[in-house]
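Let me begin by presenting the structure, written as C-alpha cells, before commenting on it.
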Amino acid sequence: MRLRLPEERPAEPPTGYKIAHPVLSHDGRRAGFTGVSLGGALPYGVLADASCVYGLRHGAPHRRCDCGFHCVHDRTTAEALLCTAEHREAVLLEVVVLGRYIRFERGFRYARQRVRTATVGPCACGAAAAALADAGRGRPGWRVLAPSCAGCVRARSSVSLAAFARLAGEGLRVLAGAEGAPRAAGTGPPAEHLGVPELVAEAALLQARLDWFQTQLARLGEPGGRGGRQG
C-alpha cells in the first residue's frame with residue numbers, strides 16, 4: 001500500500017522565514033539572493049521557481065529528494081540562525097510560499113516563492129546599515145554583499161538599501177534592522193518617487209564616500225606622502 005501525504009488547500013499562500021546572502025550581478029544591473037546551505041551556488045530573484053540541485057529531472061519539491069526552497073514557520077527560529085559566525089552577514093527574508101509544498105514540523109519545502117521583505121542586520125561595527133557593500137567574496141557573475149554603515153563603506157563597491165530594492169524589483173521591501181524594530185529603508189518604486197528616508201540614506205552614503213576621498217587627498221598632500229616631493 002502506497003502512503004500519500006495529506007493535501008492542503010489554504011485560502012491564502014503560507015508565509016515563512018529564511019536567511020540568505022544578498023548578491024549583486026557583476027554588471028550592477030540585477031540583485032538577488034543566494035542560500036546558506038543546499039543550493040547556495042544558485043542565486044535566485046525575488047520571484048523564483050525551485051529546481052533539483054542534483055540535476056535530476058523531477059519537479060521540486062520531490063517527496064524522495066531534499067530539493068526545493070526551504071523556510072521555517074517562525075521568524076524567531078530564522079533569526080536565531082543569524083547568530084552563527086558564517087551567517088552573521090546574511091539577511092532575514094520573509095517569503096510567500098507558492099505552488100506545491102511539503103509541510104514539516106518546523107517549516108516548508110516548496111516549489112515557488114516570492115520574497116516579500118528582506119531585513120538587513122547591523123554593520124560589523126554595530127551601527128545600523130545604510131548600504132550593502134562588497135563582502136570580498138562571490139561566485140561567477142555575482143558579488144556577495146554585506147551590511148555596512150555609511151562610515152564603513154569607504155571606497156568599496158556598494159548599493160544603498162533602496163537601490164538594492166529597485167534592482168531586485170517585484171515590489172521587494174528592504175528594511176534596516178536596529179536594536180529595536182526595523183525601520184523602512186527601501187521599496188520598489190522608481191528613483192524619482194523616493195521618499196525622505198531613502199534620500200537621507202543615499203545622502204549619508206555619498207557623504208561618507210566624499211569624506212573618505214577627502215581624507216585620502218589630504219594624506220597625499222602631506223609632506224612625505226606618496227604625492228609629496230621626492231628628495
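Every read-out reported here was derived from the displayed coordinates using simple, explicitly stated rules and does not represent laboratory data. Source: prediction; values computed, not measured. Cβ: placed from backbone, ideal geometry, glycine included. Neighbour counts: every protein chain shown.
I need Ser157, Ser148, Ser37 ordered by Cβ neighbour count within 10 Å, fewest first. Don't jump to the answer; show the numbers that get you there.
Numbers: Ser157 12, Ser148 27, Ser37 9.
Listing Ser157, Ser148, Ser37 from fewest to most nearby Cβ atoms yields Ser37, Ser157, Ser148.
Here's how it looks for Ala130: its modeled amide H is under 5 Å from those of Ser148, Cys149, Ala150, which are all 5 or more places away or on a different chain.
What the Cα atoms of the range 99-174 give is an Rg and a Dmax of 15.4, 45 Å. All C-alpha to C-alpha distances of the range 15-221, sorted into 10 Å bins beginning at zero, yield P(r) values of 9, 34, 34, 16, 5, 2, 0 percent in whole numbers. Taking amide H as placed 1.01 Å from N in the peptide plane, Ile19 has its amide H under 5 Å from the amide H of Leu93, each at least 5 places away in sequence or on another chain. Taking one equal scatterer on every alpha-carbon of the range 1-130, how large is log10 of I(q)/I(0) by Debye at q = 0.17, 0.22 1/Å? The Cα Debye sum returns log10 ratios of -0.94, -1.43.
A Cβ-based charge dipole, computed about the Cα centre of the range 15-221 with Lys and Arg at +1 and Asp and Glu at -1, lands at about 640 debye.
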